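Below: the structure, in structure tokens.
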Amino acid sequence: MTDAHATTTDGSPASAAGSAVDGTRDSALAAERQREKDELYALDISGVEWEGAPGTSPDEERVEIARLPEGAVAMRSSLDKETVLRYTKAEWDAFVLGARDGEFDLR
């Protein structure tokens, strides 16, 4: 009779090895995302051009965005120009797609 449980070369269960590999991959991905965010927030954006939605003017309350390198975006409120949120290209793309799909519609 054979053992039905798969093991790795070190004798640990194969499922545990798969979890370890997944955990390592997840950790590496999280570290890469954090590095991207750190680089994004380290950018000097003092000279960027802020824009609002078409048909709005800079002297009214509105959300403003600035395009950053590599497809990243900075966003702020015209009422609080000191607080700036920054999004990677992937984050911004996900937000725009969600908005188009109605994910943020108030009901």
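Against the conditions (1) farther than 26 Å from Glu36 by Cα; (2) in contact with a Lys or Arg (Cβ under 6 Å, 6 or more places away or on another chain), Gly52 satisfies every one except (1).
Residues in segment 69-77 include at least one that is exposed (fewer than 12 other Cβ atoms within 10 Å of the Cβ) and either within 18 Å of the chain's Cα centre (by Cα) or modelled with pLDDT of 95 or more (or both).
All of (1) modelled with pLDDT of 95 or more; (2) assigned to a helix (DSSP H, G or I); (3) of a type outside the set (Gly, Ala, Ser) hold for Leu85 with one exception: (2).
The values are calculated or read from the model by the stated rules, or taken from the named source; none is laboratory data. The structure displayed is predicted, hence computed values, not measured ones. Virtual Cβ from ideal backbone geometry, glycine too; neighbours counted across all protein chains shown.
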